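A.B. asks: Sharing a structure here in structure tokens format.
The values are calculated or read from the model by the stated rules, or taken from the named source; none is laboratory data. Treat the numbers as computed from the prediction; the structure is a model and nothing was measured. Virtual Cβ from ideal backbone geometry, glycine too; neighbours counted across all protein chains shown.
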Amino acid sequence: MLIRFDGKTVIVAGAARGIGRAIARAFAADGANVIACDRLVAEIETGERIQALPVDVTDAASIDKVVAAAGGRVDVLAYVAGGVLGQGPKPLEQVTPEEFAGIVDVNLKGCFLFARAVAPGMKQAGGGRIVTISSRAGLATSLTGIQAYASAKHGQVGLVKQLAQELGPFGITVNSVAPGFMATSPDYERQWNSYSDDFRRTFADRIAMRRMGKPEDIADAVLFLASDHASWITGQTLPVTGSPLA
Ligand SMILES: NC(=O)c1ccc[n+]([C@@H]2O[C@H](COP(=O)([O-])OP(=O)(O)OC[C@H]3O[C@@H](n4cnc5c(N)ncnc54)[C@H](O)[C@@H]3O)[C@@H](O)[C@H]2O)c1
């Protein structure tokens, strides 16, 4: 199976850090023209086929500018933005509505806004691919212990199913990849460092494949779902966790 994206335009939303950066790199390596956007635009790795743009995924007007820069024609949207915004686990009664909403906005509302912005062009073109990065926390309880994170990622998994149903008749597939824990960004490194030595030492032994995941493991799954070879797969969330999901 040969997967190439020559001549295709791919937006990677949330491209500055580990997983998004690996996805942008992988698409460019397979021939795509990549628009890599993030609020941390200075941290985006650019390249011959990777153009960096600023975006706030919680702001529809900011997203429209990115889609306009793609000439309105987007073959693939990879929605990666999200994470825990520097938050840690707290008892429910100490979580403020603003903290809860912040995580929901970036992980769920942004996904809705971005899909909404690319759908008209994809419909006009007769097809497209939307692949989101949800999480194992979208299918089970979250290791982060953050209520909003599990809620938002579960919401994203639902949004993917619903959009798949709606956009299928237009040749557009909508899928998600659900990564397991990997130390990619400052937030995840903070989470990793909060675990006991014993927990960290034995973490990989509790994974069926006996190793931690890498951003490239996620990028490989995203590229397959974005390829022509996945034209009859839609509405699915693929756990990429190195283990069967318990
Ligand atoms: N690392 C893990 O263990 C893990 C596991 C499962 C899922 N995920 C998900 O994978 C995705 C990527 O995570 P990561 O680990 O590479 O690092 P991360 O959580 O730091 O990545 C989030 C990216 O989204 C960007 N972002 C946040 N708010 C934004 C906004 N309002 N506008 C634009 N960009 C914004 C950040 O700048 C960052 O580049 C996230 O959605 C995260 O929830 C990560």
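A.B. asks: Filter the stretch 23-39 down to the residues that are small (Gly, Ala, Ser) and touching a helix residue (DSSP H, G or I) at 6+ places or on another chain (Cβ under 8 Å), then identify the one that is surrounded by the most Cβ atoms within 10 Å (Cβ to Cβ).
C.D. replies: Initially, the stretch 23-39 is screened for residues small (Gly, Ala, Ser), giving 24, 26, 28-29, 31-32, 36.
Remaining after also requiring touching a helix residue (DSSP H, G or I) at 6+ places or on another chain (Cβ under 8 Å): 26, 36.
Details: Ala26: 24, Ala36: 31.
Filtering the stretch 23-39 for residues that are small (Gly, Ala, Ser) and touching a helix residue (DSSP H, G or I) at 6+ places or on another chain (Cβ under 8 Å), the one surrounded by the most Cβ atoms within 10 Å (Cβ to Cβ) comes out as Ala36.
A.B. asks: If you scan the stretch 40-58, which residues turn out to be free of Cβ contacts under 8 Å to residues at least 24 places away in the same chain, in a loop (DSSP other than H, G, I, E, B) and within 13 Å of the ligand (Cβ to nearest atom)?
C.D. replies: Asp56
A.B. asks: Output the residues belonging to the stretch 22-33 that are within 16 Å of the ligand (Cβ to nearest atom) and in contact with a strand residue (DSSP E or B) (Cβ under 8 Å, 6 or more places away or on another chain). Show your work before the answer.
C.D. replies: Filtering the stretch 22-33 down to residues within 16 Å of the ligand (Cβ to nearest atom) leaves 22-27.
Hits for the stretch 22-33 are Ile23, Ala24, Arg25, Phe27.
A.B. asks: Which fully enclosed helices (runs of 4 or more DSSP H) of the stretch 139-216 have 3 or more residues being surrounded by 18 or more Cβ atoms within 10 Å (Cβ to Cβ)? Before you say what the answer is, go through the steps one by one.
C.D. replies: On the way: elements: 147-167, 186-193, 197-203.
Result: 147-167.
A.B. asks: Give the residue, chosen from Ala42, Ala60, that is surrounded by fewer than 17 Cβ atoms within 10 Å (Cβ to Cβ), in contact with a Leu (Cβ under 9 Å, 6 or more places away or on another chain) and either at pLDDT below 95 or of a type in the set (Gly, Ala, Ser) (or both).
C.D. replies: Numbers: Ala42 fails: in contact with a Leu (Cβ under 9 Å, 6 or more places away or on another chain).
Every option except Ala60 fails the conditions.
A.B. asks: Another question, if that's okay. Please give the number of the condition Leu139 fails out of (1) without any contact (Cβ under 8 Å) to a residue 60 or more places away in the chain; (2) farther than 23 Å from Ala15 by Cα; (3) touching a Leu at 6+ places or on another chain (Cβ under 9 Å); (4) hydrophobic (A, V, I, L, M, F, W, C).
C.D. replies: (1)
A.B. asks: While we're looking at this one, here's another question. How about the stretch 67-89: which of its residues are over 20 Å from Val174 (Cα atoms) and touching a residue at least 24 places away in the same chain (Cβ under 8 Å)?
C.D. replies: As a first pass, look at the stretch 67-89 and keep what is over 20 Å from Val174 (Cα atoms): 68-69, 71, 83-89.
Answer for the stretch 67-89, where residues must be over 20 Å from Val174 (Cα atoms) and touching a residue at least 24 places away in the same chain (Cβ under 8 Å): Ala69, Gly71, Gly83, Val84, Leu85, Gly86, Gln87, Gly88, Pro89.
A.B. asks: Sticking with this structure for a sec: If I go through the stretch 71-92 residue by residue, how many of them are away from the ligand (no atom under 16 Å from the Cβ) and either acidic (Asp, Glu) or surrounded by fewer than 24 Cβ atoms within 10 Å (Cβ to Cβ) (or both)? Talk me through it step by step, then tell me what you get.
C.D. replies: Residues of the stretch 71-92 away from the ligand (no atom under 16 Å from the Cβ): 71-76, 90-92.
Narrowing further to those that are either acidic (Asp, Glu) or surrounded by fewer than 24 Cβ atoms within 10 Å (Cβ to Cβ) (or both): 71-73, 75, 90-92.
Of the residues in the stretch 71-92, 7 are away from the ligand (no atom under 16 Å from the Cβ) and either acidic (Asp, Glu) or surrounded by fewer than 24 Cβ atoms within 10 Å (Cβ to Cβ) (or both).
A.B. asks: Given the structure, is Ile19 touching a strand residue (DSSP E or B) at 6+ places or on another chain (Cβ under 8 Å), near the ligand (Cβ under 7 Å from one of its atoms) and assigned to a helix (DSSP H, G or I)?
C.D. replies: Values: touching a strand residue (DSSP E or B) at 6+ places or on another chain (Cβ under 8 Å): yes; near the ligand (Cβ under 7 Å from one of its atoms): yes; assigned to a helix (DSSP H, G or I): yes.
Yes.
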